[in-house]
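The values are calculated or read from the model by the stated rules, or taken from the named source; none is laboratory data. Quick caveat, the model's predicted, so the values are computed rather than measured. Cβ sites come from the backbone with ideal geometry, for glycine too, and all protein chains shown count toward neighbours. Quick note on the areas: whole protein, heavy atoms, side chains included, nothing else; ligands and nucleic acids left out. Shrake-Rupley method; radii C 1.70, N 1.55, O 1.52, S 1.80 Å.
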Amino acid sequence: MNRKSQARKRTRKKNKGLQIAAHAQLPTRYGRFTIYGFEGRGAQEEAVALVRGNVKSRIAPLVRVHSQCLTGDVLTSLRCDCRAQLELSLKKIGQAGAGILLYLPQEGRGIGLMNKLRAYELQDGGMDTVQANETLGFAADARDYEFSAQILKKLGATKIRLLSNNPEKVRQLESFGIRVAERVPCQPRISKISRAYLKTKKRKMGHLLEGI
Ligand SMILES: [Zn+2]
């Protein structure tokens with residue numbers, strides 16, 4: 001068996017654990033979507049996908065892979081640009097007619113909610129977001145996109161246009177078998193408060209941000 005078919009076999013094996021728990025209609029401010037709940041084999045492996053239109057078509061659908069941010073997405077925090085990116089993504093996918101918003105419960109770039117708040121405390125004492133994560137013993141970005149790639153494959157979206165400023169996300173999705181035909185910048189208007197945070201993301205984490 002050659003290496004490619006071995007890799008395919010491994011992927012099939014891994015995908016076996018991925019289940020659609022449920023799907024339902026979800027009308028939103030940005031259009032009508034179908035919401036899918038996905039469960040993997042691991043305890044941590046669950047996510048939702050908001051799907052609009054035909055995402056299996058040959059025209060690569062617009063995809064946003066969004067990591068949960070309770071403080072930004074729900075509580076309207078301006079420490080980060082998460083909510084603004086989430087809304088811009090839903091708006092763009094709504095306008096595009098076909099696309100997927102994948103919402104992953106990996107809070108705080110994968111370190112969890114309580115540790116994210118600990119990192120905020122350190123940042124209030126003068127550290128930047130990368131220094132704070134590292135002081136707590138975590139990588140600057142502990143996220144892994146293999147589960148996301150499995151979900152995209154399950155939805156039939158193997159060639160996508162990715163709404164993201166993060167080259168690492170592009171690299172990882174491609175390494176897990178998703179073809180990113182285009183990276184579409186996801187840069188909403190940002191507040192003065194989140195500018196320093198975004199500067200760090202650009203300088204230390206290689207995010208591609210214009211005008212920051
Ligand atoms: Zn955030």
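Observations, loosely collected:
- Every condition in (1) open to solvent by 50 Å² or more (accessible area, probe 1.4 Å); (2) assigned to a helix (DSSP H, G or I); (3) among the aromatic types (F, W, Y) holds for F138 except the one numbered (2).
- Of the listed requirements (1) more than 16 Å from the ligand (Cβ to nearest atom); (2) over 18 Å from L155 (Cβ atoms); (3) not hydrophobic (A, V, I, L, M, F, W, C), T76 misses just one: (1).
- Some residue of segment 154-168 being crowded, with 17+ Cβ neighbours inside 10 Å, at pLDDT below 95 and assigned to a helix (DSSP H, G or I): no
- Verdict on E121 being among the acidic types (D, E) and out of contact with any strand residue (DSSP E or B) (no Cβ under 9 Å at 6 or more places or on another chain): yes
- The residue of segment 79-95 that is nearest to C186 (Cα to Cα), among those that are open to solvent by 30 Å² or more (accessible area, probe 1.4 Å) and within 12 Å of the ligand (Cβ to nearest atom), is A84.
- Condition met for Q25 (in a loop (DSSP other than H, G, I, E, B), open to solvent by 20 Å² or more (accessible area, probe 1.4 Å), away from the ligand (no atom under 16 Å from the Cβ) and not hydrophobic (A, V, I, L, M, F, W, C)): no
- Residue in segment 96-110 that is surrounded by fewer than 23 Cβ atoms within 10 Å (Cβ to Cβ) and more than 25 Å from K154 (Cβ to Cβ) present: no
- Pairs with Cβ under 8 Å, 6+ apart, first in segment 68-91 and farther than 18 Å from K199 by Cα, second in a loop (DSSP other than H, G, I, E, B) and within 9 Å of the ligand (Cβ to nearest atom): C69/S77; C69/C80; T71/S77; T71/R79; T71/C80
- Check on R109, under 17 Å from R143 (Cα atoms), in contact (Cβ under 8 Å) with a residue 40 or more places away in the chain and more than 13 Å from the ligand (Cβ to nearest atom): no
- Some residue of segment 176-189 being aliphatic (A, V, I, L, M), within 29 Å of I59 (Cβ to Cβ) and assigned to a helix (DSSP H, G or I): no
- Y145 vs. criteria hydroxyl-bearing (S, T, Y), surrounded by 16 or more Cβ atoms within 10 Å (Cβ to Cβ) and out of contact with any Lys or Arg (no Cβ under 8 Å at 6 or more places or on another chain): no
- Here is the figure for segment 64-73: residues that are within 7 Å of the ligand (Cβ to nearest atom) and either hydroxyl-bearing (S, T, Y) or open to solvent by 30 Å² or more (accessible area, probe 1.4 Å) (or both) total 1.
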